[in-house]
Amino acid sequence: ADNIRDNYYQHGVQYVSYENMLPPRFPLPFVSESAREGLFFTTIMRDPMKRLITWLRQLQKYPSMAPKKDVGAPPDFFWSEMEGNRGVYKRENLNVRWLSGTLDDVTPDHVNIAKCRLQLFDLVIVDTTYDAAVNDVVCPLNNWQGSKFCNSTKARGEHKSKKMNPMNETDSHFVGAWIERLRPSFELYDYARILSYLQLKNRGVKDIPELYEVPSYIETLSRFTNIQLNTPKESLVSLKNIDRFHPPNVFCDSLKKVWVSNADEVPYVNGIGTIGKGRIYTSHG
């Protein structure tokens, strides 16, 4: 922690975006108050299906990224693992994997590890809270001003793409099977939505939509397969039902004991974007 703080102070760094899959024993975000001193941890989590759709659009735009000769069709992505393409970017449940550190099959324990990590972030940002989080928390925290980063006058809410949905040409049964496979990610995303809303509310942010929604797994399944499911009130994604989404306290406490007991070492991670006082640049390492 001291190494990171000294580095940031020395180079006038205010914000660094890291891209790194976190191993199960790797203590990031830091756990103890002394290690966290002077640091503010944030993470951004997208709706799993929207992330998949973005990736499919990338396959259509850049054919060389696709795993098959017949590029661009959604099944190419779905079956990439069967062809041995098991890179972390091409695996399902990416958000669970990156926060839990697993390359193997995702289990309920991996989901809970990811949830325990989310609890350690000072600010969790999701699609629907992005504008409020950036303008009302991140910008004032860093004393950033101007429309390049911070624009408090623009309309807030989720950014919806007007591009064609590559899923439109895919059989609904196939899509439904993939949605089911992403179920751990939907569970983690819903927990992130609750944490984000709670953290913003605790920081006095008022211009955010009320959180009282159908679980993202059910909403996505209904939207892409026309399967209609009833959701009881106690299962809705809301602050009132937060205990239903929390990981077990005992589980998280045991993880924290492991994380704080690790020997000090300087990890290698990729910093893909850095903002310093009066300048912006990208870096690696």
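The values are calculated or read from the model by the stated rules, or taken from the named source; none is laboratory data. All values reported here derive from a predicted model rather than from experimental measurement. Ideal geometry is used to build each Cβ from the backbone, glycine not excepted, and the neighbour counts take in all protein chains shown. For the accessible areas, the whole protein counts, side chains as well, though only heavy atoms, and no ligand, DNA or RNA atoms are used. Shrake-Rupley method; radii C 1.70, N 1.55, O 1.52, S 1.80 Å.
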Report summary line: Looking across segment 1-24 at residues that are farther than 21 Å from Val124 by Cα and among the charged types (D, E, K, R), the single one that is least open to solvent (accessible area, probe 1.4 Å) is Arg5
Query - One residue from Leu39, Leu22 being modelled with pLDDT under 85 and of a type outside the set (Ser, Thr, Tyr) - result: Leu22
Report summary line: Looking across segment 113-143 at residues that are under 24 Å from Tyr8 (Cβ atoms) and of a type in the set (Asp, Glu), the single one that is modelled with the lowest pLDDT is Asp136
Query raised in the report: Has segment 174-186 got at least one residue that is open to solvent by 80 Å² or more (accessible area, probe 1.4 Å) and more than 27 Å from Asp105 (Cα to Cα)?
Result: no
Query raised in the report: Is there a residue being over 15 Å from Pro23 (Cβ atoms), in a strand (DSSP E or B) and either at pLDDT below 90 or open to solvent by less than 50 Å² (accessible area, probe 1.4 Å) (or both) anywhere in segment 238-250?
Result: yes
Query raised in the report: When segment 190-210 is examined, which residues are found to be open to solvent by less than 10 Å² (accessible area, probe 1.4 Å) and not charged (D, E, K, R)?
Result: Tyr191, Ala192, Ile194, Ser196, Leu200
Query raised in the report: Just for segment 198-231: of the residues that are more than 20 Å from the chain's Cα centre (by Cα) and of a type in the set (Lys, Arg), which one is modelled with the lowest pLDDT?
Result: Lys206
Report summary line: Selection from segment 36-54 of residues over 15 Å from the mean Cα position of the chain (by Cα) and either buried (at least 18 other Cβ atoms within 10 Å of the Cβ) or under 30 Å from Arg223 (Cα atoms) (or both) yields Ile53
**Report entry** Subset of segment 96-139 that is touching a strand residue (DSSP E or B) at 6+ places or on another chain (Cβ under 7 Å) and in a loop (DSSP other than H, G, I, E, B) - its residue that is farthest from Leu22 (Cα to Cα)
**Finding:** Asp122
Query raised in the report: How many of the residues in segment 25-35 are open to solvent by 40 Å² or more (accessible area, probe 1.4 Å), closer than 18 Å to Asn112 by Cα and not aromatic (Phe, Trp, Tyr)?
Result: 2
Report summary line: Looking across segment 90-112 at residues that are open to solvent by 20 Å² or more (accessible area, probe 1.4 Å) and β-branched (Val, Ile, Thr), the single one that is modelled with the highest pLDDT is Thr107
